[in-house]
1. Please find, among C:Thr51, C:Thr87, the residue that is closer than 30 Å to C:Gln134 by Cβ, among the β-branched types (Val, Ile, Thr) and within 14 Å of chain B (Cβ to nearest Cβ).
2. Only one of (1) modelled with pLDDT under 90; (2) touching a Leu at 6+ places or on another chain (Cβ under 9 Å); (3) at the interface with chain B (Cβ under 9 Å from one of its Cβ atoms) fails for A:Glu246. Which number is that?
3. Need at least 1 residues that are at pLDDT 90 or above and either within 12 Å of chain B (Cβ to nearest Cβ) or surrounded by fewer than 16 Cβ atoms within 10 Å (Cβ to Cβ) (or both) per element, so show me which helices (runs of 4 or more DSSP H) inside segment A:60-132 make the cut, counting only ones lying wholly within it.
4. Could you list, in sequence order, the residues of segment B:141-169 that are modelled with pLDDT under 90 and facing another protein chain (nearest Cβ under 9 Å)?
5. State all residues of segment B:98-110 that are more than 14 Å from B:Arg171 (Cα to Cα) and buried (at least 17 other Cβ atoms within 10 Å of the Cβ); if no residue qualifies, say none.
6. With the requirement that a residue be surrounded by fewer than 21 Cβ atoms within 10 Å (Cβ to Cβ), over 24 Å from B:Leu175 (Cα atoms) and at pLDDT 90 or above, what does segment C:46-72 give you?
7. Restricted to segment C:219-249, and to residues that are surrounded by fewer than 23 Cβ atoms within 10 Å (Cβ to Cβ) and β-branched (Val, Ile, Thr), which residue is farthest from C:Gln177 (Cα to Cα)?
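The values are calculated or read from the model by the stated rules, or taken from the named source; none is laboratory data. Note that the structure is a prediction, hence the values are computed from the model and not measured. Neighbour counts are summed over all protein chains in view; Cβ atoms, including those assigned to glycine, are modelled from backbone coordinates with ideal geometry.
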Amino acid sequence: MSNVLTKVKLPYLLLLPGFLFLFTFFILPIVNLAQTSTQTPIAGGDTGQYEQTLQFSNYITAFTENKEQFARSFVFALCATILALAIAYPLAYAIAFKAGKLKNFLLVLVVAPFFVSFLLRTIAWKQILGEEGFVVPTLRNIGIIGQSTTLTSTSFAVVMGMTYNFLPFMTLPLYASLERIDPRTMEASGDLYANGITTFRKVTLPLSMPGVVAGTLLTFIPAAGDYVNAAILGSPNTKMIGNVIESRYFKIVDYPTAAALSFTLMAAILILVTLYIRKAGTEELV
Amino acid sequence: MNKQKDATIPTIPAKARLSRWFGRNLIRIYAVFGFTYLFIPVLYTFAFSFNDSGKSNLIWKGFTLDNWKNPCGAPEVCAALGNSIKIGLLATVFSTILGTMIAFAIGRYAFKGRSSSNLLIFLPMATPEIVLGASLLSLFLVFHINPGFWPTVIAHVMFCISFVVVTVKARIASLDPRLEQAAMDLYANELETFRRVTLPLVAPGIAGAALLAFSLSFDDFIITNFNSGTLKTFPEFVYTSAARGIPAQANVIGSAMFILALLIVIAGQFVGRRVKVSK
Amino acid sequence: MADVSSATHGDLRLTRITKTYGDFTAVNDLSLTIPEGSFFALLGPSGCGKTTTLRMIAGLEEPTVGSIHLGATDITTKRPYQRPINTVFQNYALFPHLTIFENIAFGLRRRGIKDVTADVNKVLDLVELPHLAQRKPTQLSGGQQQRIALARAIVNRPALLLLDEPLGALDLKLRRQMQIELKWIQREVGLTFVHVTHDQEEAMTMADTIAVMNEGEIEQMGSPADLYDNPGTAFVANFLGQSNLIKGRIEGTDGDNLVVDLFGQKISMPKNRSHAVDKSMYAGIRPEKFRISLVGTPTRGNTLTGGRIEDVSYIGVSTQYQVLMPWGQEVMVFEQNDDGVPPFDKGDEVVISWEPNFTFALRGDDDVEAGLEVNPEELDEE
């Protein structure tokens, strides 16, 4: 019965190296982050030296000082997610059902922009929408926007940039679940007296729910923690929590507050994600 | 085929025909707009790689091939690219090996702790990059490890593993268990079954996962920024030079990567189709 | 490399095999001997344990209790690759990444045979597909894939060939053709075939011996003719073809015959065709054994009077009648259309008769519904 023995052990042996790695470089850092978040600077020590004082008020300070940025992060992320869903769903639908022989090619096109560094693309947006680009002067000339209105350094630009950056993350899972739908189920719905909109609402959308859930999560999570779009396309008035954390680490060197902010952000996202998955009732993600 | 127009056949009025065409093609029109949105910055980047810009690549000054002829012309740009490629390759190799092993364990075996294993794989994907990057940096600092090349590689392996597991697991799940049973039935022992049947059939999934890992690593900025210290990767180079103007060479490298990737994919599809056609 | 060179031969013996999954018993205390060289069928509905039995023979499952012997060798716990047994899988399980040639050569190569070309070509000729050697499995039709799966197994000349619903994925016409071909190939290569199926017609066409399985146990085993003519249980009577089962009482004996009372009418039947254990019994008569005559015309053999025709279905070779008997039961009668025209109409008052030798008797406490509710066409998803 040596087979049985190896069968029991083998999965654990396979898991061991990877999980050891994840434990050391993912779990341990998070635990360490939690510890740092309740520390205070050592009296008379150098910058960056802290001691554990279980200062839970770090959280309260961190949160109250940055309420606005927290709120903005979640609102921006939510807007970007909804916009991305609105753009990606028809796109994925067209590729899955209307593309014919071009299907694979279009799928490649969705992923292709990835290969131009996302920073280059974001900066390209900044320049296209900036004062020296052609969009702003044109819009001003035809009077759609006022002479002093700008497109960059606005909330609009930040949300648009995030929508743009995470669009493929939304499109691919949507495509994957739409592609699995048997088009005959939609025909059957039409046969059973449902019009186009009802068919979409009662058949197509429910069947593509796993893709909607996966896509929205893959967009919302990185968007909520993002600071690059806000840094490039925004202004000091559009700072997100990511920008605050980044500057606490690199500019102010206030690790406990930065850790408290990071931990709060992670906890908030995890709670939202859990509630969302519960509500959507899908377990295909995990 | 000399059909005369038959007056008895009812014709559809032009206006109705137009609206029907529009209705049928609405989704296609929409898709064209979607792709335009996706590609505007790509085309912009490509166009400005030919800009005779001098230092700051903000305003179109004239067409030149100089940037393409001399992609390393701007200071640091090729060193940064080299760092990104080195880190990307190392991160790809390690994360693909570790992730594939985990995927086989989870995808193939029922064991105690399987669902918590799934959770451990899901968690890094549900954690914002900034938290991953920041927490890892704190850990390195606690152990007095200076940020730099290897800490960056470790960070990349860490966030790539989950994506590799998910990709390979999907491929394993689509594998018919009867194929492995058939191999065993045909005198292949466990090792031979794995080598001759399981591995070749899962290989496309592993290759896809490796490609994904490389592109995630190559394009990562946030996590890298926390752990690279004085080392500069290509995205970091772009970010730091954004303030004083990005040299057109960066556009050249971005465009070249794009074209290279597209060529690889198209070549792959072409080869795949040829294999299918040659009966 | 698996050592199967000292290939064991001989009868396959399953001794008191039980297989449980948690609380569920898939196979219950099953003993069975399959003689060398025979074409043996395991027949039963979905979930009856036949596929589990097959997988235990193949080595893909281990029995919870019991042993499996091939000839004198105990193979109960041997790995699949250590057994001189090959399987034609349901849906064939051809390796999609290998050519047809390499698929067939797979087993030979694993056994360390260097020159496989001659063997592979010979078996490709046998299944009449030599021109497909360099194709990939996805480029083949279902029928072609089926033959390649067969070729891949028999090229190893196993002591035992297992076929798991091998024709299930084919359409009806192709299935009939493959049944004949399989039978021919079995005679040609002279191997022992064990065939698992839910299709009673397929089992009857091909097998020398059929074991009918139900709920993890063998209900009855015998030649197709034995099982059909003299089923031992209501399950077999209903699962293999159709049967009329009429409640009755054994009144006494008359030489080699039993005298039976069916709702007040006396019939007789041979003693040796009775499986009843006491006086209470069911009399079984196959629908095509019945004859119908109008009231007043002379009849032979056993006779039941007072019938009325309720329904007539003309189906070409025969006509099927539903006849309502005085005790409220509808019996089914198949009449050959020898003269082309259905001679009876709905509402006709009729007498039904049959030869006493065609009667079989089941236990009075048997479940007359057994084997009826299963749909023999549904795929086996064990």
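1. Every option except C:Thr87 fails the conditions.
2. So A:Glu246 meets the others, but not (2).
3. Values: elements: A:67-93, A:103-111, A:118-129.
Of the helices (runs of 4 or more DSSP H) lying wholly inside segment A:60-132, those with at least 1 residues that are at pLDDT 90 or above and either within 12 Å of chain B (Cβ to nearest Cβ) or surrounded by fewer than 16 Cβ atoms within 10 Å (Cβ to Cβ) (or both) span A:67-93, A:118-129.
4. B:Leu141, B:Val142, listed by residue number.
5. Taking segment B:98-110 first, the residues more than 14 Å from B:Arg171 (Cα to Cα) are B:98, B:109-110.
If the condition is that a residue be more than 14 Å from B:Arg171 (Cα to Cα) and buried (at least 17 other Cβ atoms within 10 Å of the Cβ), then B:Leu98 is the only one that fits.
6. Residues satisfying the conditions are C:Thr64, C:Val65, C:Gly66, C:Ser67, C:His69.
7. C:Ile246
One line per residue, one yes/no per condition, for (1) surrounded by 15 or more Cβ atoms within 10 Å (Cβ to Cβ); (2) in contact with a Lys or Arg (Cβ under 8 Å, 6 or more places away or on another chain); (3) modelled with pLDDT of 95 or more; (4) over 30 Å from C:Lys50 (Cα atoms):
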site	(1), (2), (3), (4)
C:His275	yes, yes, no, no
C:Val295	no, no, no, yes
C:Gly301	yes, no, no, yes
C:Tyr314	no, no, no, yes
